[in-house]
Amino acid sequence: MDIAFIDYLANTKAGAMRKCGIASKLFLCLSCLSVCLCARSLTVLISVPALLLVFNLISGMPPCRLMHFLFYPVFFSLAFVFMRLFSDPYDAAVILLKATASVLSMVLLLITTPFTDLFSFLGAFLPKVIVSSLFFAYRIFFMLLQKLSDSLKNMRLRGKFGLSHSVFYLKSIAGVLGSVFISAVDMSERMSVIYAIRGFNGRIYTKNSWRRFSAYDILPVLTGIAVICLGIFARPGGAL
């Protein structure tokens, strides 16, 4: 349950990065992501992920969990890496490093920013109906995730969770997914009725604390500017 673990880190752990405003953290992560996606220099593609790795570790992300998240970009980019590995090893390394930087930047933002603060920030730019829908989806997501986990655990206890019972396994998975889908529809209907009774007018009111700038925001802003400067000077024909 990696998403539940990320939510736990964002809401319970303390640290300097969690005291930063969401605007400064978003600026840092988007700066790192944009520079890495546009870069061709190994100086940038090694330095920026290393910097993000340090930020993730000091923000409380356990190394074993972080390696688990990094497995996804490595796995899904293997096809592209192997296509370029023998013809152009440099391109293969660039693809792998860009995928790694993308994951590290997004993980850093998510483990240091509660989703309620993220919704508050998005509410200033997106229509209220979209923000409200995301908020309700966030509320019921973990309940549905727990229901799916309990259903899969019941399948294991019945002893039919293996390749030797593949037909039964596929039928059971289809049944579990159908049950979770029906539960999601039923839960959304009950929540809409409950909120209508309580006077919900289609809008969620959130705090605007992200507008404030504090001393904690200086570090991510300066780091983001430094990353952008590194990307500029590391272009072909640049200083690096």
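The values are calculated or read from the model by the stated rules, or taken from the named source; none is laboratory data. This one's a predicted model, so the numbers in the text were calculated from it and none came from an experiment. Because the Cβ atoms are built from the backbone with ideal geometry, glycine has one as well, and the counts that use them run over all protein chains shown.
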Q: Enumerate the helices (runs of 4 or more DSSP H) found wholly within region 1-120, keeping only those where 2 or more residues are among the small types (Gly, Ala, Ser) and buried (at least 17 other Cβ atoms within 10 Å of the Cβ).
A: 22-38, 89-112
Q. Modelled with pLDDT of 75 or more, under 19 Å from the mean Cα position of the chain (by Cα) and under 30 Å from Asp186 (Cβ atoms): does that describe Phe115?
A. yes
Q. Would region 156-177 turn up any residue that is of a type in the set (A, V, I, L, M, F, W, C), more than 23 Å from the chain's Cα centre (by Cα), outside the structural domain of Pro114 (by TED's automatic domain parsing) and at pLDDT 75 or above?
A. yes
Q: Go through region 219-234 and give me each residue that's in contact (Cβ under 8 Å) with a residue 40 or more places away in the chain, over 23 Å from the mean Cα position of the chain (by Cα) and exposed (fewer than 15 other Cβ atoms within 10 Å of the Cβ).
A: none
